[in-house]
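Undergrad: Before anything else, here's the structure in question.
The values are calculated or read from the model by the stated rules, or taken from the named source; none is laboratory data. Remember, predicted model here, so these are calculated numbers, not experimental data. Backbone-built Cβ (ideal geometry, glycine too); neighbour counts: all protein chains shown. For the accessible areas, the whole protein counts, side chains as well, though only heavy atoms, and no ligand, DNA or RNA atoms are used. Shrake-Rupley method; radii C 1.70, N 1.55, O 1.52, S 1.80 Å.
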Amino acid sequence: MQKFITVAKKNEKSKKLEKKILDELLQYGWTENREEPDTVIFIGGDGTLLYAVQKYLDRLDHVNFVGIHTGTLGFFTDYTEDEYDVFINDIKTKEPKIFCSRLLQINTNQAEYYALNEMRIENVKRTQVIDVLVDNEQFETCWGSGVCLSTQAGSTAYNRSLGGAVIDSGISLMQMAEITAIQHSKHRSLGNPYILKPDRIVEFVSDDFSDALLCFDHRHESLEGVYKVTCTTSNHGVRFARYREYSYLKRLKNLY
Ligand code: NAP
């Protein structure tokens, strides 16, 4: 018997499918447990998983995630709604393999946050100057709209729109990309995406982060009063329950 919870995207299609899953699993003998679930079933898309992860951050080491997509196949979902019968049969009868995707840990002088895809410092109001230090060594100064530091899982998300590389599933690393960086005779930075070892400590420092936002996955916080944002790969990760073969290439081909 499993203690489970469902998290659905806020649209009619996903809510309807959520009800169908709930009815079927409750009838099968599984119990709904909001506080201490073993399994989180997310219904919607990759964005729904990001929301579910933030909701169950405190239980990440004890909970498995499995998703069914109500659009096209995503990176975090293993089934589409057309495969509902296979999905239900798999979760009822099979033992899953667990695949863990490690999170990014983000610290400021005010709080700690986690992200599965990426963290961004973004300022759309004015040029943001950011000193980037890697393992305590000054690396570069960026002038522009900000920076993005992504995980392997996030490489197909915002990072890809910035011209960052798509990283194969199973590789642990961080990738930094500048957001609309100014490059001319007075201001120069690397310009290319930079792939870093997962245990590097990356610091983003500025004496004026006012107007800038710290974005992590679908969430954001003000950087008012913050002068340094420190990031590294966390020991915590999202445990995906895989009941069948996962093809990363199939998902990639769906992107374009
Ligand atoms: P959202 O609506 O939840 O997501 C925006 C889009 O990004 C959706 O199509 C979502 O897929 C897709 N997505 C999320 N994670 C992905 C991943 N790892 N690989 C490929 N696609 C992915 O938007 P949100 O709440 O603002 O932000 C959540 C995430 O969306 C962020 O972490 C960011 O990476 C991404 N995003 C990307 C851009 C961009 O590429 N320019 C802009 C804004 C946000 P589903 O439809 O399956 O949910």
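Undergrad: Along segment 2-7, what does the Karplus equation 6.51 cos²θ - 1.76 cosθ + 1.60 (θ = phi - 60°) give for ³J(HN,Hα), rounded to whole Hz, x for Gly and Pro?
TA: Couplings: 10, 9, 9, 8, 10, 10 Hz.
Undergrad: Ranked from the most accessible area to the least, with a 1.4 Å probe and all protein chains present, what is the order of Tyr194, Tyr84?
TA: The residues order as Tyr194, Tyr84, largest area first.
Undergrad: Leaving ligands, DNA and RNA out of it, work out the accessible area of Asp46 with a 1.4 Å probe and give it in Å² to the nearest 10.
TA: In the full protein context, Asp46 sits at about 40 Å².
Undergrad: Once the whole set of protein chains is in place, how much accessible area is left on Leu252, using a 1.4 Å probe, in Å² to the nearest 10?
TA: For Leu252, the solvent-accessible surface is approximately 40 Å².
Undergrad: Let me ask something else. Where does the chain land at 222 nm, in deg cm²/dmol rounded to the nearest 500, when only DSSP H runs of n ≥ 4 count, each adding -39500 (n - 2.57), divided by all residues?
TA: Theoretical 222 nm ellipticity from helices: -5500 deg cm²/dmol.
Undergrad: Using a 1.4 Å probe on the protein heavy atoms, what percent of the accessible area of segment 142-256 belongs to carbon and sulfur?
TA: With neighbouring chains kept in place, the figure for segment 142-256 is 49 percent.
Undergrad: Filter the trypsin sites (Lys or Arg not before Pro) in segment 57-140 to those in DSSP coil with at most 15 other Cβ atoms within 10 Å of their Cβ, and list the result.
TA: Lys94, Lys125, Arg126
Undergrad: Taking all protein chains as present, what is the carbon and sulfur share of the accessible area of segment 3-94, in % to the nearest whole number, probe 1.4 Å?
TA: Here carbon and sulfur together make up 47 percent of the probe-accessible area.
Undergrad: Continuing with this model, one more query. Can you put Lys186, Lys197 in order of accessible area, largest first, using a 1.4 Å probe?
TA: So the residues, ranked largest to smallest area, are Lys186, Lys197.
Undergrad: Also, quick follow-up: What distance in nm separates the simple spin-label points at Asn107 and Glu221, each placed 7 Å from Cα in the Cβ direction?
TA: 1.3
Undergrad: On to the next question. If I stretch the segment between Glu36 and Val166 completely, what's the gain in nm (0.36 nm per residue apart, minus their alpha carbon distance), one decimal?
TA: Net length gain for the segment: 43.3 nm.
Undergrad: Report the net charge of residues surrounding Asp211, where surrounding means a beta-carbon distance below 9 angstrom and charges are Lys +1, Arg +1, Asp -1, Glu -1.
TA: 0
Undergrad: Taking 7 Å along the Cα-to-C-beta vector as the label spot, tell me the Asn192-Gln138 distance in nanometres, rounded to one decimal.
TA: 2.3
Undergrad: Please report the relative contact order for segment 3-94, taking Cα pairs under 8 Å with a sequence separation of at least 6, and give it as a percent rounded to a whole number.
TA: Dividing the mean separation by the residue count of segment 3-94 yields 26 percent.
Undergrad: Mind grabbing the accessible area of Cys231 for me, 1.4 Å probe, Å², rounded to tens?
TA: 0
Undergrad: Another one. Hey, what do the phi angles of segment 90-104 turn into as Karplus ³J(HN,Hα) couplings, whole Hz, using 6.51/-1.76/1.60 and θ = phi - 60°, x for Gly and Pro?
TA: Working through the residues one at a time gives 4, 6, 7, 10, 9, 8, x, 8, 9, 10, 9, 10, 6, 8, 8 Hz.
Undergrad: What stretch of the chain, leaving out the sites themselves, is the longest with no GluC sites (Glu not before Pro) in a DSSP loop having at most 11 other Cβ atoms within 10 Å?
TA: Longest stretch, sites excluded: 36-223.
Undergrad: OK, next. Set the Förster distance to 35 Å, then compute FRET efficiency between Asn11 and Tyr248 from the Cβ-Cβ distance, nearest 0.05.
TA: According to the calculation, E is roughly 0.85.
Undergrad: In whole Å, how far is the Cα centre of segment 77-131 from that of segment 135-201?
TA: A separation of 18 Å, based on Cα centres.
Undergrad: Determine ³J(HN,Hα), in whole Hz, for all residues of segment 207-214 in sequence, where each value follows from phi through the Karplus function 6.51 cos²θ - 1.76 cosθ + 1.60 and θ = phi - 60°; x replaces Gly and Pro.
TA: These are the phi-based 3J(HN,Hα) values: 7, 8, 9, 4, 6, 8, 10, 9 Hz.
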